[in-house]
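Colleague: Can you read through this structure? Questions will come right after.
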Amino acid sequence: MPDTPIDSTVAHTARVWNYWLGGKDNYPVDREVGDRVRALFPQVAEAAQGDRLFLRRAVGHLVTEEGITQFLDVGTGLPTADNTHEVAQALDPSARVVYVDNDPLVLAHARALLVGTDTGRTQYVDQDLRDVEKVLEAAGRTLDLERPVGLTLMGTMGHFEIEEAVRLVRAYVDGLAPGSFVAVCDGVLAHMEVEDTERAAEGMRVWEQHVAQKYHMRTVEEFRSFFDGYELVEPGVVPVFHWRPEPTEVGTVRAVPQYAGLARKV
């Protein structure tokens, strides 16, 4: 892999997210911004954890209930626990996974992702996710795009204005075979008191001032639009911790401003 310079003086989405998840692949500037945003918007770290939990549950569902053995993880971020290939290949060793990201630090850690099983395969694509055609072309060297694929977009679409985000989701799903699935998880301004909403907005302003990539919180209606025309899997579009909670969690699951959904392309 080519050497890519990493700027440790400017906070970056992947590294701040890694910090909120308890990872070690971050710098003081990332931790400082992460702490400032979390002080204003305490639920943000919980939302990050919910995002990872939803990824695990969605991938597990697709392998065990839908027979999906191919995954395209777009905007993968830094490796932590329960990465897509680890979840999928633990359930089906033949599963194939392609990760897509162009963040320098993610690229530097890509070798940690390139570990498959004897029968499965894991690949990393260093590509801007906005160039859908190139991403799919590269993914097609590992995945059979004539067969259903599980597409995951975790905490990724919030970096785009809603029109562009919906267009990107559509473009990826259009390039996949019927029977494919798309999973999306992102921040939604819901389940907060007015005061909490104002503090969250201030937290987002801190983010915009200090992090290289902007982030747009959605309305529930905007988030639902990602799945227009597709067949939603139960329980539909819900707060992230409400998506198929474990039996032990029933009665204790909280609604946080992070929503999730999984849908099938018919």
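Colleague: Under Stokes-Einstein, with the Kirkwood radius over Cα pairs standing in for Rh, what whole-number D in µm²/s applies to the chain at 37 °C and 0.692 mPa s?
Modeller: Details: Rh = 18.6 Å.
For these conditions, the coefficient is 176 µm²/s.
Colleague: Hey, what did segment 13-264 get for relative contact order, percent, Cα under 8 Å, at least 6 apart?
Modeller: Details: 459 pairs, mean separation 51.0, N = 252.
This gives 20 percent for segment 13-264.
Colleague: Then there is this: Which of the lysines could a cross-linker bridge to Lys265, judged by Cα under 25 Å and excluding same-chain residues fewer than eight apart?
Modeller: Within the straight-line cut-off, Lys265 pairs with Lys134.
Colleague: Related question: For the chain, what is the calculated [θ] at 222 nm in deg cm²/dmol (nearest 500), taking -39500 (n - 2.57) for each run of four or more DSSP H residues and dividing by its residue count? Present the calculation step by step, with values, prior to reporting the outcome.
Modeller: On the way: 10 runs with 105 residues, N = 266.
Computed mean residue ellipticity for the chain: -12000 deg cm²/dmol.
Colleague: Can you give me the Cα centroid spacing of segment 1-69 and segment 127-143 in angstrom?
Modeller: Between the Cα centre of segment 1-69 and that of segment 127-143, the gap is 22 Å.
Read-outs throughout are calculated quantities, based only on the coordinates presented, and are distinct from any laboratory measurement. Quick caveat, the model's predicted, so the values are computed rather than measured.
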